[in-house]
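The block underneath contains the structure these notes are about, expressed in structure tokens.
Just so it is clear, none of the values below were taken in a lab; they were calculated from the coordinates. Bear in mind that the values here come from a model prediction, so they are computed numbers and not experimental data. As a convention, Cβ positions derive from the backbone with ideal geometry for all residues, glycine included, and neighbour counts pool all protein chains shown.
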Amino acid sequence: MACDFQARCEAALRASPPLRGTLKAATIRPGGAKRHRSDQRVQTRITALLCVALAAVTGTAAAQHATAFDVEDGARSFASYCAQCHGPDGNLIPGIDLGHGQFRRPLTDDEIAGIIMNGIPNTAMPATPRLSEDGVRRLVAYLRSNAKSQANVAAGGDPERGRALFEGEGKCLDCHRVNGTGSRVGPDLSDIGRLRRAVEIRESLLDPGAEVQPNNRSYRVVTADGKKVSGRLLNQDTFTVQMIDTDQHLRSFVKASLREHGFEKTPMPSLKDTLNAQQIADLVSYLVSLQGAPP
Ligand code: HEC
Ligand code: HEC
């Protein structure tokens with residue numbers, strides 16, 4: 001998560017050496033507790049402080065990101081130390097969704113920090129001794145902010161209105177299927193809320209081509225007699241390709257017999273210009289609520 005005013009802050013820092021000096025003096029607390037900090041870390045802290053100040057002055061939304069640097073550092077630690085088991089989205093271990101702040105039981109910040117530092121005895125959850133105490137704190141900040149931004153994306157959305165839009169005016173069922181109703185042209189969205197984070201769902205609605213799941217890619221063939229068939233690619237090997245065409249039929253072609261074949265742009269329309277922000281939030285709230293059939 002980039003702090004968009006970071007560049008401005010750093011520019012301001014460079015431009016005002018006297019201020020830098022003052023702040024630096026102010027940051028080092030008496031008693032020497034922080035004296036072992038390297039100059040560079042103190043510097044980072046000053047930059048952060050200045051950013052908080054700037055954010056307050058300019059009144060940007062960034063005020064709530066007072067810890068944007070912490071959060072970025074936490075994100076890096078997550079990728080290095082946690083993602084291999086918990087998955088890049090934090091939801092690979094059943095019952096735990098670190099990306100949505102869902103734990104098996106409610107955990108305080110200190111409890112999460114304790115789990116990171118000590119692991120959970122007699123389970124596969126290891127201690128992470130390579131993280132400093134500050135590193136752990138930043139990682140917890142990242143996990144919390146992640147959960148919050150998840151909630152924010154869907155915030156103000158009404159899942160019931162989202163459902164009405166999805167099934168009615170939005171015409172989403174022309175291509176998608178939810179719990180057995182709708183079309184097979186696009187992916188089944190019955191458990192999209194479990195598979196994807198709110199931010200990703202929102203991205204799919206606003207900028208559909210940006211990141212398409214490999215099994216959702218659209219494919220187009222032109223047969224020897226010139227017929228064009230488009231659809232969702234199900235499977236292909238060196239010689240054949242299988243897809244669901246736009247009439248929802250399973251089609252299989254021998255590649256050698258085709259005039260053309262290849263991937264094409266997603267047919268999923270961008271909703272950026274056709275729906276307003278409230279409608280997008282409603283849809284995201286509805287889609288987030290689709291968690292698949294209970295086990
Ligand atoms: C080697 C695999 C592995 C790694 C690496 C790992 N975890 Fe875990 N983690 C697990 C497993 C497995 C559990 C579930 C343990 C259990 O059965 O209670 C777990 C549980 C947790 C829990 C408790 C959730 C709850 O609902 O009680 C938290 C929090 C957590 N991990 C955070 C992290 C963080 C943060 C990192 C990175 C610093 C991390 N884990 C690294 C495997 C891992
Ligand atoms: C013309 C067909 C079509 C229509 C209409 C359509 N979609 Fe899609 N949609 C697709 C296809 C194909 C994909 C898979 C490729 C992609 O991700 O762009 C997709 C992908 C998605 C994804 C991402 C799925 C994933 O697994 O990441 C979401 C969410 C989604 N659509 C929601 C909607 C909503 C909400 C509407 C109605 C407002 C809608 N779609 C209307 C065809 C359509």
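So for Thr240, Thr128, fewest C-beta neighbours within 10 Å to most, what's the order?
So the ranking, lowest neighbour count to highest, is Thr240, Thr128.
Based on the mean of other Cβ atoms within 10 Å per residue, sort peptides 193-204, 250-261 so the most packed one is first.
193-204, 250-261
Output the pairs from Lys227/Lys255; Lys227/Lys265; Lys171/Lys227 with a Cα-Cα distance over 24 Å in this structure; if there are none, say none.
Table pairs above 24 Å Cα-Cα are Lys171/Lys227.
DSSP loop GluC sites (Glu not before Pro) in region 153-193 with at most 13 other Cβ atoms within 10 Å of their Cβ, which ones?
Glu169
Taking 2.2 N^0.38 Å as the expected size of a compact globular protein, what ratio does the Cα radius of gyration of region 208-262 give against it, to two decimals?
Compactness ratio reported: 1.10.
Could you give the Stokes-Einstein D for region 71-154 in µm² per second, using the C-alpha Kirkwood radius, 4 °C, 1.567 mPa s?
Here the translational diffusion coefficient equals 101 µm²/s.
How far apart, in nm, are the 7 Å Cα→Cβ label points at Asp247 and Asp174?
1.8 nm
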